[in-house]
Amino acid sequence: MRPWQPSGTGFARLISRACYCIVSANQRSTCRMHIVTRGLADWLLTGLLAFAWGTALAAQAEIIVTQIAKSGDTTEVVIRFACPNRFLHQLPITAAARSEITLMRMDRCAADSISEATRPPGRELAALEEIEYTARGGTEAILRLQFNRAVLLTVDQTSDLRSLRLLVKAPSEPVPVKRSAPSQPAADATLTAAAESAALIARAEARAKAAVSRTKPVAASVTPLFALNLYSTKERIDPGGEGAGVAPSGQILYMTKTQVDDQVWHRLRLGFFATEDEAHSAWLVLRGRYPQAWVTTVSLAERATAVAGSGITNAESNRITATVAGQGPATLSEPEVTELLSQTRAAIIGQDYPHAIELTSRILEDSSGFETAAARELLGIARERNGEIELAVAEYQRYLDDYPDTDDTARVRQRLAALTMAREKPEQISRDDRATAARASPWDTTGSFSQHVLYNSSDLGGQGGWMSQSVFLTDGDFVSRYRGKRFTFSTRTTAAYRYNIDEPEWGAGSQSRFYNLYVDLQDWESGLSGRLGRQRIQTDGVLGLIDGLHVSWQMQPDIRLNVTAGYPVYTSADGPDTDRTLYGASVDFTNLPGGLETNVFINTLTIDGIENRQSVGSQVRYIDDRSSLIGAIDYDIGFNKVVSFNLLGNRSFDSGLTVSASADYRRSPLLTTENALIGQTVGTVDELRQSLTEEQIRDLALDRSGEMLTYSLGFSRPLAERWEVNGDFMFTQLAQGPGSGGVLALPDSSDEYYVYASLVGSSLLTEGDVSILGLRYGDTYATRIYSVYLDSRYPVTHGWRLNPRLEISQREIIIDGSTEWLLIPSLRLQYRFAGHYEIELEGGGERGSRTGGVVDTDTTNYYIYLGYRADF
């Protein structure tokens with residue numbers, strides 16, 4: 001019998017070939033298996049088999065989060081792009097739960113329409129829910145970041161334009177903010193007021209909470225309690241010495257201890273205040289002594305502990321914590337309980353166990369009974385990991401008493417058995433009990449897995465006929481971590497596979513990629529940490545991906561030494577390449593006088609036995625309550641040239657106006673000896689050395705590296721409670737090198753200008769919606785572009801989100817004097833359910849009409865994008 005072969009055209013052909021690609025993969029050439037069902041089940045089976053066989057996982061992702069690391073109240077998030085994307089501007093620059101970063105896709109980026117979203121492991125450390133990257137064709141792309149609270153975001157770009165380094169500053173102990181749907185912010189517009197200090201991040205969040213309460217009050221039974229967090233350090237604090245003379249009559253100066261990322265932080269606090277304004281007023285008096293202080297809410301348990309260790313009377317302290325008159329316990333709605341459970345899980349993952357205990361206790365006080373079983377189990381887990389073993393045992397036992405026959409009863413019984421046996425003598429533990437205890441492991445695994453089908457069809461009119469693309473995309477990111485008392489061990493695999501369905505033979509036109517494949521070990525006592533394998537390093541002058549070893553030593557609380565050695569990898573599709581080697585070292589300095597942080601580095605990159613790049617450089621960061629300034633320089637010792645230099649700063653004002661500016665100089669492409677191969681007939685530097693000296697090769701490399709200069713200026717200002725206006729201007733210029741080595745000189749680009757303006761409205765039709773009306777103008781050496789677009793996002797129901805978009809553009813093509821009009825509509829639909837799963841469908845098109853040139857042409861393009869994602 002003949003093996004089944006895919007047939008049909010269009011989207012149906014795409015689905016059938018997705019099935020065929022896996023079925024035939026078992027024998028690589030000829031399919032010996034007959035397909036009975038050719039529907040959606042086959043498509044899902046396709047991805048599962050592909051993953052089980054260990055081929056590489058996901059498609060060539062446009063974005064990948066390579067690092068999430070927290071220090072104090074600031075979290076660093078590094079995002080890597082598949083091609084160069086230049087940072088243009090962000091909005092808003094003030095504290096907000098949702099941020100949008102506008103990027104320019106450079107020449108090496110494909111002109112395809114792209115939409116990707118990711119929920120990376122460890123996102124809880126940055127209060128991050130989701131990152132979404134959208135490119136609608138052409139040069140512009142939008143990076144959207146959704147947070148679960150108001151944060152202050154600072155953006156920095158790496159020298160190769162392939163990464164953004166985001167510094168996220170969030171309140172250390174946030175007050176839960178009820179939202180109309182888990183996936184949408186509550187009244188984004190209320191979060192755009194100027195951040196007068198780090199303490200005002202919490203103020204922006206409080207305004208959002210107040211806005212929501214106007215439509216559906218947030219349940220609360222006790223007035224909030226505020227304190228000033230004056231000082232944080234890893235060393236134990238003596239309140240009598242460090243805070244001498246700070247506390248006025250009737251207030252308490254006390255110390256707390258919390259654990260963040262396996263590091264113990266000691267905090268000096270001043271309490272208590274009945275309102276946030278009172279706490280802020282106190283900070284204004286003390287900010288000369290404590291410029292980094294912030295306002296925080298505290299629990300009644302923290303208040304009780306502080307009072308017990310002080311001389312203040314309970315009567316006096318109770319004056320500011322009295323129950324609101326006439327306000328009794330309120331009943332939480334189901335969406336509120338779901339949101340609190342989500343925050344609880346995030347707090348447990350982020351090791352903020354006291355906060356998790358507060359959240360679950362609030363749920364259990366509710367009389368509705370919705371999700372109380374899940375809350376009871378999470379409360380037990382939080383108490384267990386917080387070291388409250390007796391209380392955890394009590395919570396698990398109460399769960400078994402109240403819910404003896406649920407699907408989760410067996411798991412809770414195992415947790416209880418593991419705890420009770422840990423307190424028994426070894427001879428009292430049976431073999432069966434030991435097996436049960438073994439399943440209660442300090443290991444945890446997180447990650448995501450997604451699959452999508454993309455079909456794209458283009459009718460190019462008189463410019464080349466018709467073409468289509470059909471691809472099957474699978475991606476995964478898996479992190480496994482062991483947390484011990486002294487050591488933390490983790491592994492991470494982020495891999496990708498893109499299957500070209502249009503090619504009948506397995507692997508033809510397809511591609512696998514590995515972004516991360518490493519093991520990591522940290523010793524918290526000595527301060528040593530090491531990471532071995534494929535990894536990305538975005539600092540120290542290292543240009544991204546390497547196969548090698550990175551070792552760090554926290555020699556002092558504010559000084560870290562780093563050493564790197566390995567083999568650079570230019571793209572994630574490449575395997576290890578031993579022809580290139582990298583050695584480097586750096587030192588990080590934090591908590592410098594004046595709020596400065598800096599890093600200095602030196603590294604050497606070789607290729608085929610000769611020096612490819614030898615750089616020294618530094619980055620300096622200054623961030624205070626109203627402004628930030630980041631500067632970086634990279635200098636190549638061998639070429640005696642500056643490779644890159646950039647400054648990026650912003651400033652906020654009392655009126656709500658925020659102004660940002662940047663200046664950027666860089667060699668393009670990045671200056672390396674390897675650039676000498678551009679335009680040559682040989683493929684390696686070793687071959688080039690057969691006919692040229694090393695000095696001649698370096699001269700050729702310098703000639704192939706142009707100089708690019710870019711300036712930008714932007715502003716953001718709230719107009720009213722629900723409106724914000726933004727504007728940006730950018731100028732860029734590229735000077736090409738001279739002709740040499742048989743390569744003709746390229747003409748320098750003319751001055752290029754870009755102007756962007758947008759009006760952003762929030763919660764206009766329903767709570768949590770966002771609508772953007774934007775205008776763009778670009779004047780380049782090849783085209784002059786005018787665009788207007790409308791982009792809206794609506795939370796339709798609890799789990800559904802709708803994102804329609806429409807753009808109209810006119811392009812004047814300078815080379816032939818023609819004019820092209822473009823109409824670009826799209827619609828995206830997302831459905832999230834069970835807190836961990838998402839189904840996505842997007843469709844769109846582009847209709848173009850070009851006149852006035854040699855030949856008038858009409859073009860049509862449309863695409864369909866369908867898939868799912870699971871987070872665990």
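Structure values in brief
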| item | result |
| --- | --- |
| Carbon/sulfur fraction of accessible area - region 758-852, other protein chains in place, 1.4 Å, % | 67 percent |
| Radius 10 Å from Cβ of MET708, net charge of other residues (Lys, Arg +1; Asp, Glu -1) | +1 |
| Long-range HN-HN contacts of GLY853 with modeled amide H, under 5 Å | THR819 |
| Gyration tensor (alpha-carbon) shape descriptor, region 629-686, a/c threshold 1.5 | prolate |
| Karplus-derived 3J(HN,Hα), 6.51/-1.76/1.60, for each residue of region 510-517, Hz, glycine and proline x | 9, 7, 10, 9, 10, 8, 9, 7 |
| Ratio of Rg to Rh over region 597-667 (Cα coordinates, Kirkwood Rh, two decimals) | 1.17 |
| Proximal charge balance of VAL587 [Cβ under 10 Å; K/R count +1, D/E count -1] | -1 |
| Prolate/oblate/rounded call for region 349-420, Cα gyration tensor, a/c under 1.5 rounded | oblate |
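The values are calculated or read from the model by the stated rules, or taken from the named source; none is laboratory data. Only a predicted model underlies this, so the values are computations on that prediction, with no experimental measurement involved. Ideal geometry is used to build each Cβ from the backbone, glycine not excepted, and the neighbour counts take in all protein chains shown. Protein only, heavy atoms only, side chains kept; ligands, DNA and RNA dropped before computing areas. Shrake-Rupley method; radii C 1.70, N 1.55, O 1.52, S 1.80 Å.
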